[in-house]
Amino acid sequence: MDISTQQNPVRILFVEDEPKLGASVRKELIEQGFDVDLAYDGRIGESLFKSGEYDLILLDINLPHINGLELCRRFREVNRDVPILMLTALGELDDKMEAFSAGADDYLVKPFHLRELLARLKVFMKRRQLNQQFEEKLTISDLEIDFSAKSVTRAGKAINLTAKEF
Ligand code: CA
């Protein structure tokens, strides 16, 4: 799957207080076709999160005002599903499980290669695409169930069902 050819760009919220790292990763991700909002501290990160809809969150841990673990917990309270990838400097996490118990899906240790970050992003995006396909349509042999249209077809022919039967 090529992320950059998707019609709707994947929206990423990136919370990172190191300006150089933040700007360079953002630039690279934009070149790869992502839409990236960059926040330089936890407070800005939280207000962006509340005002926008993001497909994925990239979260540094050691941040001014609100740290990444706390932000992660707050994000999870309002959104169970958005993938959250933590970025951590070596030794920043006392226990790797801390990130997961805060609700993160994965973490990357800094310094990381952009290639590695992109590989992780692709995994999340693929999972998202599969989930969406599953939510929309379910196919069992020649039976196709379309949840959004609430219709069932068998071998291409529509089967009339009442809402209850569906
Ligand atoms: Ca930091």
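Where a number appears in this text, it was derived from the coordinates with a stated rule and is not lab data. Here the structure is a predicted model, which means the values were calculated and not measured. Every residue, glycine as well, gets a Cβ built from its backbone with ideal geometry; the counts of neighbours run over all protein chains shown.
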**Complete:** In the chain, taking the dipole from +1 charges on Lys and Arg beta carbons and -1 charges on Asp and Glu beta carbons about the Cα centre, the listed residue (PHE112, LEU29, THR162) farthest towards the positive end is THR162
**Asked** Which GluC sites (Glu not before Pro) does the range 25-70 hold that lie in a coil by DSSP with at most 15 other beta carbons within 10 Å?
**Response** GLU53
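May I ask what percent, to the nearest 5, of DSSP beta bridges between residues of the chain are antiparallel? Present the calculation step by step, with values, prior to reporting the outcome.
Working: 11 of 29 bridges.
Restricted to the chain, the bridges split so that about 40 percent are antiparallel.
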**Complete:** Under a Gaussian network model of the chain whose springs join Cα atoms within less than 10 Å, the largest fluctuation of GLY52, GLY33, GLY156 belongs to GLY156
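Would you mind working out the magnitude of the charge dipole of the range 48-132 relative to its Cα centre, with +1 at each Lys and Arg C-beta and -1 at each Asp and Glu C-beta, to the nearest 20 Debye? It would help to have the intermediate numbers written out before the result.
On the way: 13 positive and 13 negative charges, 78 e Å.
Dipole size: approximately 380 debye.
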**Prompt:** Which net charge results when you count Lys and Arg as +1 and Asp and Glu as -1 among the other residues whose beta-carbon is under 14 Å from that of ASP35?
**Reply:** -2
**Asked** Out of VAL82, VAL152, VAL123, any idea which swings most in a Gaussian network model of the chain, alpha carbons joined below 10 Å?
**Response** VAL152
**Request:** Let me know the charge dipole size of the chain about its Cα centre in debye, to the nearest 20, where only the beta-carbon of Lys, Arg (+1) and Asp, Glu (-1) is charged.
**Result:** 520 debye
**Fill in**
Under the helix-only model (-39500 (n - 2.57) for each DSSP H run of 4 or more, divided by the residues of the chain), the mean residue ellipticity at 222 nm, to 500 deg cm²/dmol, is -11500 deg cm²/dmol
**Prompt:** Given H placed on each backbone N at 1.01 Å, which residues far from LEU108 in sequence or on other chains put an amide H within less than 5 Å of it?
**Reply:** MET86, LEU87, THR88
**Message:** Quick check on the exposure proxy: order ILE84, ILE159 from fewest to most C-beta atoms within 10 angstrom.
**Reply:** ILE159, ILE84
**Cross-link table LYS50/LYS96; LYS122/LYS164; LYS126/LYS157; LYS27/LYS110, entries beyond 29 Å C-alpha to C-alpha** = LYS122/LYS164; LYS126/LYS157
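I need to check one value: relative contact order of the chain, counting alpha carbon pairs closer than 8 Å and at least 6 residues apart, in percent. Present the calculation step by step, with values, prior to reporting the outcome.
Values: 237 pairs, mean separation 24.2, N = 166.
Once normalised by length, the contact order is 15 percent.
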